[in-house]
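The values are calculated or read from the model by the stated rules, or taken from the named source; none is laboratory data. Keep in mind that this is a model prediction, so the values were computed, not measured. No Cβ is skipped: glycine too gets one built from the backbone with ideal geometry, and neighbour counts run over all protein chains shown.
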Amino acid sequence: MPDHIIPRSSLQIEVCNRLRSEIIEGIWQPGMRLQERLLCERFGISRSPLREAYQALAAEGLIEIMLNKGAVVTTPTPELTLQQYDLLQALEMLGMELACRNADDAQLAGILRINDGMKACAANGDIAGFLHANNDVHRHIVLASGNEPLIDAHLLVSRQIIRVQNLRGPLEHLPAESVAEHDGFLEALIRRDAAAALSLFKRHLKTAEENLRRRLQWVAEQH
């Protein structure tokens, strides 16, 4: 069986996961139509599980089911994206606070390894790798919180912001800026100094918000 053909079990879930990942990664750009026939052929499935996946992705705001056009990738709006980022900041600040208290040494060491990889990508000019590792650092801080509802909520909201980040266009900031800020709040996290970690992390999240606003302005100019 070809690698791209999806097994018959859990078809809707697997199709949904693959399409969601491709939308978030920017493979499917805003305004693109997801063509049923081509996707059914690609995955080796019938239309039923594909349409079920469409409904799940529409509920997440990633696609819109339009009359006479079918499934179309949505265009992130500045208003909704900034509201989602407000929520993301709150979740990540809580994640940092809890990680300072609950993270074990292995989790902290893992966060530092990811951050070292981010630095290597920045030094080598690997922007895609840098952004991925940057997001991974934030995700693993939340994972280190040990709070399962927080971890689940963060996954849903972070997808929306990463999606905007992955849209094609100019990078809004210098990687060196993020590297320096990461070093600061991670040093405080390793010391389990919650006050310092939260102060430095809040500053970093505000920098990221400024970058996000510039990206949203660029997206608006393209549409």
- prompt: Limited to region 170-209, what total is found for residues that are in a helix (DSSP H, G or I), farther than 30 Å from N102 by Cβ and within 19 Å of the chain's Cα centre (by Cα)?
  reply: 0
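Does A90 qualify as being at pLDDT 95 or above, under 27 Å from R139 (Cβ atoms) and hydrophobic (A, V, I, L, M, F, W, C)?
Details: at pLDDT 95 or above: yes; under 27 Å from R139 (Cβ atoms): yes; hydrophobic (A, V, I, L, M, F, W, C): yes.
Yes; evaluated as a whole, the condition is true for this residue.
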- prompt: Based on what the data block shows, is E221 in contact with a helix residue (DSSP H, G or I) (Cβ under 6 Å, 6 or more places away or on another chain), surrounded by fewer than 17 Cβ atoms within 10 Å (Cβ to Cβ), modelled with pLDDT under 90 and on the phi < 0 side of the Ramachandran plot?
  reply: no
field: Selected residue (only one of I45, I24 is outside any loop (DSSP other than H, G, I, E, B) and either β-branched (V, I, T) or assigned by TED's automatic domain parsing to the domain that holds N135 (or both))
entry: I24
query: Are there any pairs with C-beta distances below 6 angstrom linking a residue in region 208-223 that is farther than 17 Å from E181 by Cβ to a residue that is at pLDDT below 85 and surrounded by fewer than 16 Cβ atoms within 10 Å (Cβ to Cβ), with the two at least 6 apart or on different chains, and if so which?
result: W218/G169
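Which of the residues belonging to region 97-113 are buried (at least 21 other Cβ atoms within 10 Å of the Cβ) and either outside the structural domain of L131 (by TED's automatic domain parsing) or part of a helix (DSSP H, G or I) (or both)? Don't jump to the end; show me each part of the working.
First, pick out the residues of region 97-113 that are buried (at least 21 other Cβ atoms within 10 Å of the Cβ): 99-100, 103, 111.
Once the filter is applied, which keeps residues that are buried (at least 21 other Cβ atoms within 10 Å of the Cβ) and either outside the structural domain of L131 (by TED's automatic domain parsing) or part of a helix (DSSP H, G or I) (or both), region 97-113 yields A99, C100, I111.
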message: List the residue pairs whose Cβ atoms are under 9 Å apart, where the first residue sits in region 176-194 and is assigned by TED's automatic domain parsing to the domain that holds R101 and touching a residue at least 60 places away in the same chain (Cβ under 8 Å), the second is among the acidic types (D, E) and surrounded by fewer than 19 Cβ atoms within 10 Å (Cβ to Cβ), and the two are 6 or more positions apart or on different chains.
response: D193/E187; A194/E97
task: Output yes when any residue across region 70-79 is surrounded by fewer than 19 Cβ atoms within 10 Å (Cβ to Cβ), assigned to a helix (DSSP H, G or I), more than 23 Å from the chain's Cα centre (by Cα) and in contact (Cβ under 8 Å) with a residue 24 or more places away in the chain, and no when none is.
output: no
message: If G129 satisfies all but one of (1) under 20 Å from L88 (Cα atoms); (2) within 15 Å of the chain's Cα centre (by Cα); (3) surrounded by 15 or more Cβ atoms within 10 Å (Cβ to Cβ), what's the number of the condition it fails?
response: (1)
query: Regarding L94, is this residue in the same structural domain as L205 (by TED's automatic domain parsing), under 30 Å from N211 (Cα atoms), among the aliphatic types (A, V, I, L, M) and part of a helix (DSSP H, G or I)?
result: yes
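Quick check: anything in region 50-68 surrounded by 12 or more Cβ atoms within 10 Å (Cβ to Cβ), in a helix (DSSP H, G or I), outside the structural domain of R213 (by TED's automatic domain parsing) and among the β-branched types (V, I, T)?
No, there is no match, as no residue in region 50-68 is surrounded by 12 or more Cβ atoms within 10 Å (Cβ to Cβ), in a helix (DSSP H, G or I), outside the structural domain of R213 (by TED's automatic domain parsing) and among the β-branched types (V, I, T).
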message: What's the total number of residues in region 8-24 that are loosely packed, with under 14 Cβ neighbours inside 10 Å and at pLDDT below 90?
response: 3
